[in-house]
Amino acid sequence: MTPDYLENYMQYAIACALRADKSVASNPKVGACLVYDNKIIGEGWHQKFGEPHAEVNAVNSVNNHNRDKIKDSTLFVTLEPCNHHGKTPPCTSLIINNRIKHVVIGTLDPNPKVSGNGVRILKENGVEVITGICEQQCKDIIRPFIANIIHKRPYICLKWAQSSDAFIGQEGKSIWLTNSSSKLLVHKWRSQFDAIMVGNQTLRQDNPELTVRLTGGVSPTKIVLDLKGHLPQTLKVFDTSKSPLFYFSNHNNTQINKPYDIQVFNLNTSDYDKAINKVMTTIFEHGINSIFIEGGSQLLHTLVNMNLWDEARVLTTKHSLGSGLLAPSLDQELFIDMFYILDNQCSTYINNNFT
């Protein structure tokens, strides 16, 4: 099999993996396809936590006319097949029991307790295995899983809008920089994450709802860090009719009227960096596997300075502010992609320290 052949079908498996959404958490997004005589006869992806994995769905998707071809097919899968019993049986057993002779893997499982064991079991049972095909792309797909399983914290995605001269706003002013199409995209982004967070000053100044309203999808859990306990409860963020709220403050500053869907956590620290770390640890312990940080200046700069982020999505407008609050500065080597939404430029950065 030529490298182009392998990469072409792995790209198809990657496309399958990308059809998954956040309902797979805390499992990784994985895609797979079965190829017989240069034709795809089965495809699948991991669709929901606790349900069948991509390999199972790919095998099950093969129609009755092609079932006898499974054993002579090549299975392409973006992540090393699991070899242990969890919520579902091991995928290595599925491959062996279906007598699939050839398996092509994008990347090994990053979990040190698992990595390489799936490949080993397949080889011990006579399966020809090729690894490392489109490896970086396959790793990129599972970045949230890496943050969860290796670093024991949520996947952290930063987002901000900045002027053409790299200011994100001006002190004491509520300034809208992006166009209406970008606003729609941001609401779609919100729906992709388990939680959403903005800084204190942004809550006071802009009074955002932090919900998904302009697109379909479930509103993420709202995270509030209020070290001094001075945020008025009349702010929209305290309306939990669409999504719950996790409220972090110090133990003397948690006099908040608590409906059933507001959880209050005591930080016992006035140090902002320590508070951020405690927030991330606590929400992860409560089942939040990804968080979308929409600002403001102090929160964004702190996370960048702490190197506590995985991805950044930056919307740049054609408008100049001349002065104000500077946007965080990211190493251009971390830049991976850019596209336009009318007159807004959207740039994506990936923090490679965590792959």
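Under 20 °C and 1.002 mPa s, how fast does the chain diffuse according to Stokes-Einstein, given a Kirkwood radius computed over C-alpha pairs? Answer in µm²/s, whole number. Provide the component values of the computation, followed by the final result.
Numbers: Rh = 22.1 Å.
The calculation lands on 97 µm²/s.
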The alpha-carbon center of region 202-222 and that of region 134-150 are separated, in whole Å, by 27
Rg and Dmax of region 270-310 over Cα atoms: what are they, in angstrom? 10.3, 27
Among beta bridges that DSSP assigns inside region 207-355, antiparallel share in %, nearest 5: 55
In whole percent, what relative contact order does region 20-89 give with Cα contacts below 8 Å and a gap of six or more residues? 33
What would the Debye formula give as log10 I(q)/I(0) at q = 0.16, 0.18, 0.20 Å⁻¹ for the alpha-carbon point model of region 93-223, no solvent? -0.93, -1.05, -1.19
Using Cα-only point scatterers and the Debye equation, what is log10 of I(q)/I(0) for region 1-80 at each q in 0.11, 0.23 Å⁻¹, rounded to two decimals? -0.26, -0.99
As an exercise, find the ratio Rg/Rh for region 182-225 from alpha-carbon atoms, using the Kirkwood inverse-distance average for Rh. 0.96
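Would you work out what percent of the accessible area of the chain, with all protein chains in place, is carbon or sulfur (probe 1.4 Å)?
On the way: 7910 of 16690 Å².
Here carbon and sulfur together make up 47 percent of the probe-accessible area.
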Surrounding charge for Ile336, neighbours by C-beta under 13 angstrom, Lys/Arg +1, Asp/Glu -1, total -3
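With +1 on each Lys and Arg Cβ and -1 on each Asp and Glu Cβ, and nothing else charged, work out how big the dipole of the chain is about its Cα centre, in Debye to the nearest 20.
I would put it at about 800 debye.
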Using only Cα atoms, locate the centre of region 155-176 and the centre of region 1-71, then give the distance between them in Å, rounded to an integer. 40
Rounded to the nearest 500 deg cm²/dmol, what is the calculated helix-only ellipticity per residue at 222 nm for the chain, with -39500 (n - 2.57) per DSSP H run of length n ≥ 4? -7500 deg cm²/dmol
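Count the DSSP beta bridges whose two residues both fall in the chain, then state the antiparallel fraction as a percent rounded to the nearest 5. Intermediate results must be reported in sequence, preceding the final value.
Numbers: 24 of 58 bridges.
Here the share of antiparallel DSSP bridges comes out near 40 percent.
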FRET efficiency, Ser26 to Ser164 (Cβ-Cβ, R0 30 Å, nearest 0.05): 0.15
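The values are calculated or read from the model by the stated rules, or taken from the named source; none is laboratory data. Worth saying up front: this structure is predicted, and the values here are computed from it rather than measured. Virtual Cβ from ideal backbone geometry, glycine too; neighbours counted across all protein chains shown. Note: accessible area is taken over every heavy atom of the protein model, side chains too, but ligands, DNA and RNA are not part of it. Shrake-Rupley method; radii C 1.70, N 1.55, O 1.52, S 1.80 Å.
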